[in-house]
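The values are calculated or read from the model by the stated rules, or taken from the named source; none is laboratory data. What you see is a predicted model, and the numbers here were worked out from it, not measured in a lab. In this analysis, Cβ positions are derived from the backbone assuming ideal geometry, glycine residues included, and neighbour counts consider all displayed protein chains. These accessible areas exclude ligands, DNA and RNA; they are computed on the full protein's heavy atoms, side chains included. Shrake-Rupley method; radii C 1.70, N 1.55, O 1.52, S 1.80 Å.
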Amino acid sequence: QKQQYKLLQDGKPNHMSQARIHLLNEIGFEWAGQRRDKFWHDRYNELVAFHAKNGTTRIPDRIAAAELQQLHTWTSLQRRLLKLHREGKQTKLTDERIRLLDA
């Protein structure tokens, strides 16, 4: 189902009908990428909260709080991806994510 849905979203021939999509949504079907999107937005919201509290998005390398390690790693990755994007290289960052990170 996920493959057929991706084909539909890409505008390619597929066997996915709107009725099938509706039925799958009703039973809570998790479409491809939803978990990754949720993870990304969760980390982004953590970064926004960190900035509101600390006035910066720079998370020190040596953090005592273990819960910030994942945010530090994610933030570093986003900075690398933005840099690659600005150099004209292809990345997985969407226009929406770039807009959010630049805000």
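Out of everything in region 26-54 that is exposed (fewer than 10 other Cβ atoms within 10 Å of the Cβ) and not β-branched (Val, Ile, Thr), what residue ends up being modelled with the lowest pLDDT? Even if it seems obvious, please write down each step before you answer.
Keep residues of region 26-54 that are exposed (fewer than 10 other Cβ atoms within 10 Å of the Cβ), which gives 26-28, 52-53.
When the remaining residues are screened for being not β-branched (Val, Ile, Thr), the result is 26, 28, 52-53.
On the way: 26: 85, 28: 78, 52: 96, 53: 93.
Residue satisfying both the conditions and the ranking: 28.
Can you find a residue that is at pLDDT below 90 and of a type in the set (D, E, K, R) anywhere in region 65-84?
yes
Take residue 77 and tell me if it is open to solvent by less than 80 Å² (accessible area, probe 1.4 Å) and out of contact with any strand residue (DSSP E or B) (no Cβ under 9 Å at 6 or more places or on another chain).
Values: open to solvent by less than 80 Å² (accessible area, probe 1.4 Å): yes; out of contact with any strand residue (DSSP E or B) (no Cβ under 9 Å at 6 or more places or on another chain): yes.
Taking the combined requirement at face value, the residue satisfies it.
Could you tell me whether residue 91 is at pLDDT 85 or above, among the hydroxyl-bearing types (Ser, Thr, Tyr) and open to solvent by 80 Å² or more (accessible area, probe 1.4 Å)? If you could, list the steps in order and put the result at the bottom.
Numbers: at pLDDT 85 or above: yes; among the hydroxyl-bearing types (Ser, Thr, Tyr): yes; open to solvent by 80 Å² or more (accessible area, probe 1.4 Å): no.
For residue 91, the condition - at pLDDT 85 or above, among the hydroxyl-bearing types (Ser, Thr, Tyr) and open to solvent by 80 Å² or more (accessible area, probe 1.4 Å) - is not met.
Could you pull out every one of the helices (runs of 4 or more DSSP H) wholly within region 13-103 that has 3 or more residues that are under 23 Å from residue 3 (Cα atoms)?
Working: elements: 18-26, 34-54, 67-86, 95-102.
In region 13-103, the matching helices (runs of 4 or more DSSP H) lie at 18-26, 34-54.
Assuming residue 72 fulfils every condition listed in (1) out of contact with any helix residue (DSSP H, G or I) (no Cβ under 9 Å at 6 or more places or on another chain); (2) open to solvent by 50 Å² or more (accessible area, probe 1.4 Å) apart from one, which condition is it?
So the condition that residue 72 fails would be (2).
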